[in-house]
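The structure appears right after this line, and notes come after that.
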Amino acid sequence: MCGICGEIRFDGSVPDVSTVDAMTCEMTRRGPDGSGVFAKGSVALGHRRLKIIDLSEKGSQPMIDPVLGLALVFNGCIYNHHELRAELEAKGYSFFSHADSEVILKAFHAWGPDCVDHFIGMFAFAIVDTDTGVVTLGRDRLGIKPLYLADTPGRLRFASSVQALLRAGDVDTSIDRVALHHYFSFHAVVPAPHTIYNGIRKLPPATVMVVHPDGRRTERKYWEPSFEAHPDRADWDEQRWHAELLDSLRTSVKRRMVADVPVGVLLSGGVDSSLVVALLAEQGQTDLATFSIGFDSAAGESGDEYAYSDLIADTFATDHHKIHIGTDRLLPAIPDTVAAMGEPMVSHDCVAFYLLSQEVSKSIKVVQSGQGADEILGGYSWYPPLRGVPRQDTTRAYANVFFDRDDADIRSILADEYLLESGYDPSFAFAQAHQSAPGADTSVDAALRLDTTVMLVDDPVKRVDTMTMAWGLEARVPFLDHEFVELAATCPAELKLAHGGKGVLKEASRALLPSAVIDRTKGYFPVPGIRHLTGGVLDLVNDTLRSQSAVDRGLYRPEALDKLFGDPNGIRTRLDGNELWQVALLEMWLQTMEAKARR
């Protein structure tokens, strides 16, 4: 819900309110229902509102509490805001609205930066002490809501999107070569604090940053799940794990129905989203709006999974909407999808989420989605090969099955000026440092921890938030409830890997879901027209990489491009991604952001 931004000055001057207003306007699609700007002293805040909780103007932001001397901008939802409100009222606080944003204000006054430990939800916020000028920035545990930072001497700007910071201007848009390496190696994941631009960073998940008026900053990481066996669960058998995980997920999906507007479900027909529907039906939800998308087939690959989503919709009598996107709509949507990306996202299903969100937003404002289950519960193909791998060999084995390419392959693609010094492989080093740290029992656990706290954040979760919010649609992800994640992290790896992956969830689902959905071959969000480049999409790729802008940038070696164009669909990454698309997407995004920055 919403988009936030702001400017903090450390040089004695006042913030540029017109620039903050421009950043706010850039995020109109994240929050089409209202806007506001607040400035006092060295700080200015901007906000775009998507009305979900307390639809009155009392819930508008920036939210100012003159009694407490606090000002807030907030993006997200605090699912336990009713419970926190009662706790804070018992402490003597009174409220002027029914908004969860006001609960954050009171909670901050009561507990300071430690208020985040009390929140169950997704959030990014900035709170200003209007008397001292101290600003506190916070981000939720799983990084569901973004927060980007642009730091220059004497000034810090922040925003929910890279585009807003570019709109403000004065951003160093030179390419971060470490981030570039991650993009081409770590499956297009660029971990915080990096972004592709040297001049833009992102606040890491589960982090609170306190910014003082003189520019001093402190950061605290307030949450990190343990992927070790929990002593209190040592005697749990498989059936107990099924029951406990399912019960935790019940709580999670119920929490994510908290809203003053209807909440629907994005239904792919896979186990994860189907289980969300089943649990909501179990809790008495009727006429639940569900939405599925499909595309035309290409190269013999089906573009929809309607058979499974129809089965779930019929089983639970949902108000189901099938959205079919013809090839004629796919190509025109690509530039708009790229323009919506805060960072380059190579996954072909970005276009699917963008077009799905466009259609869904016409009838509803909030949806639940099944993202996260595969990373948390071992549903992907790269986890079984790690079974039994000695802990000291975890990262080598992980890189062999997950990384798109190794350092030598990257050096064969990128021009010399974009390469790091010989022998320095930051992607492998990052994964190794993360996976070798204490707190994970096995190589599978170490891989799941990295994927849950890093890859998940900067690939599927970012993708879903970006594409839904591009149409003023809020996506909620019950598998990323931090209490569910904490529980699942301690589940034995063998239970997760059973039955071809995600076995513990599949078996827990049997009392609720049709076997045809549980036992099906794992599916993905299919967009055949991008996985297999032909026709207008291939022409777009060619035009992008052969453009004068691309030539002037000189990102790629000409011989590498010639090789890719010689076999546009045959050269694939380890995870069967189209290498030509990955190369073209980055250049397409850079050109799109340059155009935004020039406006």
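The values are calculated or read from the model by the stated rules, or taken from the named source; none is laboratory data. All of these numbers come straight from a predicted model, not from anything done at the bench. Neighbour counts run over all protein chains shown; Cβ positions are idealised from the backbone, glycine included. Calculation scope for accessible area: heavy atoms of the full protein, side chains included, ligands and nucleic acids excluded. Shrake-Rupley method; radii C 1.70, N 1.55, O 1.52, S 1.80 Å.
Multiplying the residue separation of residue 494 and residue 559 by 0.36 nm and removing their Cα-Cα distance gives an extension gain of 18.9 nm. Considering Cα pairs under 8 angstrom that are at least six residues apart, work out the relative contact order of the chain and quote it in whole percent. This gives 16 percent for the chain.
Residue-wise HN-Hα couplings along segment 151-158, as the Karplus relation 6.51 cos²θ - 1.76 cosθ + 1.60 with θ = phi - 60° gives them from phi, are 9, 9, x, x, 7, 10, 10, 9 Hz; Gly and Pro carry x. For segment 327-339, 3J(HN,Hα) computed residue by residue from phi via the Karplus equation (6.51, -1.76, 1.60; θ = phi - 60°) reads 4, 5, 8, 5, 4, x, 7, 4, x, 5, 5, 4, 5 Hz, glycine and proline entered as x.
Once you treat every alpha carbon in segment 1-152 as an equal point and sum by Debye, what is log10 I(q)/I(0) at q = 0.14 Å⁻¹? Summing over Cα pairs of segment 1-152 leads to -0.63.
Among rounded, prolate and oblate, which fits segment 62-151 when a ≥ b ≥ c are the square roots of the eigenvalues of its C-alpha gyration tensor, a/c under 1.5 means rounded, and a/b larger than b/c means prolate? Oblate shape, in that a/c is at least 1.5 and b/c is the bigger or equal ratio. Global dimensions of segment 390-535 from alpha-carbon coordinates: Rg and Dmax equal 18.7, 57 Å.
For segment 79-215, the Kirkwood radius over C-alpha pairs fed into Stokes-Einstein at 25 °C and 0.890 mPa s yields D = 148 µm² per second. Average accessible surface for the chain: 35 Å² per residue, computed with a 1.4 Å probe over protein heavy atoms with every protein chain in place. On the chain, 50 percent of the accessible area sits on carbon and sulfur atoms, based on a 1.4 Å probe. Which trypsin sites (Lys or Arg not before Pro) does segment 371-430 hold that lie in a coil by DSSP with at most 15 other beta carbons within 10 Å? Taking segment 371-430 and a limit of 15 other Cβ atoms within 10 Å, the loop trypsin sites (Lys or Arg not before Pro) found are 387. Length gained on full extension, residue 436 to residue 254: 61.9 nm, using 0.36 nm per residue less the C-alpha separation. Could you pull out every residue, at least 5 positions away or on a different chain, whose amide H is within less than 5 Å of the one on residue 290? Hs are placed 1.01 Å off N in the peptide plane, and Pro or chain starts have none. The answer is 265, 319, 320, 321. Relative to one another, the C-alpha centroids of segment 255-329 and segment 345-362 are positioned 14 Å apart. Would you compute the Debye intensity of segment 464-599 from its alpha-carbon atoms alone, equal scatterers and no solvent, and pass along log10 I(q)/I(0) at q = 0.13, 0.16, 0.18 Å⁻¹ to two decimals? Calculated log10 I(q)/I(0) at the listed q: -0.86, -1.01, -1.08. Annotation: amide H of residue 2 within the under-5 Å range of 50, sequence separation 5 or more or interchain, hydrogens built in the peptide plane. Listed by chain and number, the lysines placed with their C-alpha closer than 19 angstrom to that of residue 502 are 522; residues fewer than eight positions away on the same chain are left out.
Separation of the alpha carbons by more than 20 angstrom is noted, of 106/254; 202/462; 58/145, for 106/254; 58/145. Taking only the Cα atoms of the chain, the ratio Rg/Rh comes out at 0.95, with Rh defined as the Kirkwood radius. Where the alpha-carbon atoms of segment 254-388 are placed on the principal axes, they occupy 48, 40, 32 Å, in descending order. Distance between the pseudo-spin-label points of residue 243 and residue 134 (7 Å out from Cα toward the beta carbon): 4.7 nm. The phi torsions of segment 435-452, fed into the Karplus equation with coefficients 6.51, -1.76 and 1.60 and a -60° offset, translate into couplings of 7, 8, 5, x, x, 9, 6, 10, 4, 4, 4, 5, 5, 5, 5, 4, 5, 6 Hz, rounded to whole numbers, with Gly and Pro shown as x.
Loop-located GluC sites (Glu not before Pro) across segment 438-518 with a Cβ neighbour count of 14 or fewer within 10 Å are lacking, with loop assigned by DSSP. Residues within the reach of a label modelled at residue 25 (point 7 angstrom out along Cα to beta-carbon, backbone nitrogen below 20 Å), restricted to segment 44-63, are 44-50, 61-62. Given their separation in residues at 0.36 nm each and the Cα-Cα distance between them, residue 261 and residue 483 gain 77.4 nm when the chain is fully extended.
In whole angstrom, segment 159-213 maps to an equivalent ellipsoid with semi-axes of 21, 16, 10, each derived as √(5λ) from the alpha carbon gyration tensor and ordered largest first.
For segment 1-80, the Stokes-Einstein estimate of translational diffusion at 25 °C and a viscosity of 0.890 mPa s comes to 189 µm²/s, using the Kirkwood hydrodynamic radius over alpha-carbon pairs. Among the trypsin sites (Lys or Arg not before Pro) within segment 482-518, those in coil by DSSP and having at most 15 neighbouring Cβ atoms inside 10 Å are 510. Calculation over all alpha carbon pairs of segment 312-470 in 5 angstrom steps from 0 returns a P(r) of 1, 7, 14, 14, 15, 15, 13, 9, 7, 3, 1, 0 percent. Binning at 10 angstrom from zero up to the longest distance, how are the C-alpha pair distances of segment 293-372 distributed in percent? Over segment 293-372, the share of Cα pairs per 10 Å bin runs 15, 45, 34, 7 percent. The modelled label-to-label distance between residue 520 and residue 235, using points 7 Å beyond Cα along the C-beta direction, is 4.1 nm.
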